[in-house]
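Structure record follows, encoded as structure tokens.
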Amino acid sequence: MLKPFYLDTTPFYKNKYIIRVNPEVMNFPNGMTGSFNVFMARVAGLAYPNFLRYCRDKLGAEIVGKNGYYLAMYFPNSNEVKNFVQLLNNRIEDIKKQITK
């Protein structure tokens, strides 16, 4: 079964991973504008700056960005990161259930 969030390799940094949103599972009827990282922060229940701090301080993410662009987070392939991805998947399923009530 496909999950809404998953850990994926990146060609930019060796042995680092990013959290992606699966478009086959998360279909946005009116499209998506902005950053999927902000979307992940909202699903996690955090403000975007706190989400970035959490990813850096607790999950060991390297945060990269420049001059007003959205930041990118590169994660190690650790159990903590895998558990966080699972948490995001569980939370989005709970959110979907609340919306469809």
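Side notes on the structure shown:
- Sites excluded, chymotrypsin sites (Phe, Trp or Tyr not before Pro) in DSSP loops with at most 12 other C-beta within 10 Å, longest stretch of the chain: 13-68
- Principal axis box of region 5-100, alpha-carbon based, largest edge first, Å: 39, 31, 25
- Net charge dipole size for the chain [Lys, Arg +1 and Asp, Glu -1 on Cβ; Debye, nearest 20]: 100
- For the chain, the relative contact order is 28 percent, taking Cα pairs closer than 8 Å that sit 6 or more residues apart in sequence and dividing their mean separation by the residue count.
- In a fully extended conformation the segment linking L7 and Y48 would gain 12.8 nm over its present Cα-Cα distance, using 0.36 nm per residue.
- Residue-count net charge about I99 - beta-carbon cut-off 15 Å; Lys, Arg +1, Asp, Glu -1: +3
- Each residue, Y69 and E24, gets one label point 7 Å from its Cα in the Cβ direction; the gap between the two is 2.9 nm.
Laboratory data are not the source of any read-out in this text; all were calculated from the coordinates shown. Bear in mind the structure is a predicted one, so any value in this text is a computation, not a measurement. Cβ: placed from backbone, ideal geometry, glycine included. Neighbour counts: every protein chain shown.
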